[in-house]
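Trainee: Here you go, one structure.
The values are calculated or read from the model by the stated rules, or taken from the named source; none is laboratory data. Note that the structure is predicted; figures quoted are calculated from it, not measured. So basically every Cβ, Gly included, is an ideal-geometry build from the backbone, and we count neighbours across all protein chains shown. SASA here: full protein model, heavy atoms, side chains in, ligands and nucleic acids out. Shrake-Rupley method; radii C 1.70, N 1.55, O 1.52, S 1.80 Å.
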Amino acid sequence: MQHLKPPAGCNPCRSTWSYLRTQYLADVPASAITVTMIATDVGIAPRTQRVHLTILVEAGHVDMDRRTPLHPVTPPPPPPTTPGRWAATVTLTCDTCRRVLTVVAELAGADWTTRGIARADLAQYARMTPKTWTAHVKHLEQAQIIRKEPDSYRADDGRWAGSRPDRYVLLSGSTFDALLTTTGTQAGARWFETAAHELLTEVAPWATGSKLLPSDRQALVRRVAGHMEYGRYPRDVLRRMIARRAIRPHHGITDAYALLISLLPPPMSTYTPSMGEVVGVVGRRALCLTCEHPHEDPAMPEGVMCRDCARTSTPAF
């Protein structure tokens, strides 16, 4: 059987994920869920059901055990109605770039363009120097999030009469998403899987080493890529989450997948930056899942262990 639709546009895929989510929330063991049970609930044949499960696993919506739901199979959300709301949904690893984007979005008009404000004033709003403002505007331009344009005006006779401060145009979210995703169809060709492999190679070489089976390496990369693509977790946040526990691979790791899961966000979680993080001001910190103390890192989301608890917890290897 050939699967021609993406999971978000496939009714059996969405029904399968909904059924697995219901069983997961009801604490039904994964070993007790059979393909026949899923197929009966979805209303398709067991052989067809296996194809849809495979598609969900490859797309990062279901874990490698083919029973644990990870990220919802839903169409992309509609674009926000205001520039400020849109800016809050863009995940950036650079706090300075985020402040620049926030200032431009808050001062933008109905046409999603900020005009008539001098660079020095914009830099003052963002609490930085004009030189720093210019440097990070270039970063946002390279990422196709902002476009800076000169704003000149002419006299009544048509001759050039002067120039106003540059205007900043906020580009659509679809342009930003297109930058992050390529059109490749084979495994590893997507931008998120490549970024996930680079991240694991940097902070968790034990998860990409030659001693692991190729299927295990692919599952580890797919798990991290799913958090980046569907959970919208910034790469820098995932890097700090994985690196918060010191791993010494020369002692031998028997279950790298379980070890990585203990360091990653919980299934079906979505990263939402706090308002303090958006504007560059540290606000309320999330609590540790185990000791219930605030995290040292303000970017840590809810539902994960702190550094001390991760270090003292039962090793997964």
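Trainee: Let's test the formula: R0 of 25 Å, r as the Cβ-Cβ distance of L287 and R232. What FRET efficiency results, to the nearest 0.05?
Mentor: Plugging the Cβ-Cβ distance into 1/(1 + (r/R0)^6) gives 0.75.
Trainee: When the chain is fully extended, how far beyond the present Cα-Cα distance does T54 get from N11, taking 0.36 nm per residue of separation?
Mentor: Numbers: separation 43, 0.36 × 43 = 15.48 nm, distance 1.49 nm.
My answer for the length gained is 14.0 nm.
Trainee: What accessible area per residue comes out for region 5-98, rounded to a whole number of Å², with a 1.4 Å probe? All intermediate terms of the calculation are to be shown ahead of the outcome.
Mentor: On the way: 4800 Å² over 94 residues.
Result: 51 Å² of accessible area for each residue.
Trainee: Another question about this same structure. Could you work out how much longer the chain between V28 and A118 gets when fully extended? Use 0.36 nm per residue separation minus the Cα distance between them, nm to one decimal.
Mentor: Working: separation 90, 0.36 × 90 = 32.40 nm, distance 5.98 nm.
Length gained between V28 and A118: 26.4 nm.
Trainee: Same structure, new question: If a/c stays under 1.5 just call it rounded; otherwise compare a/b with b/c (prolate if a/b is bigger, oblate if not). Do that for region 17-149, with a ≥ b ≥ c from the square roots of the Cα gyration tensor eigenvalues.
Mentor: In terms of gyration-tensor shape, prolate.
Trainee: Would you tally the net charge around A123, using a Cβ to Cβ cut-off of less than 11 Å, leaving A123 out, and scoring K and R as +1, D and E as -1? Write down the numbers at each step before the final one.
Mentor: Working: positive: R99, R119, R127, K131; negative: D121.
Charge balance in the 11 Å sphere: +3.
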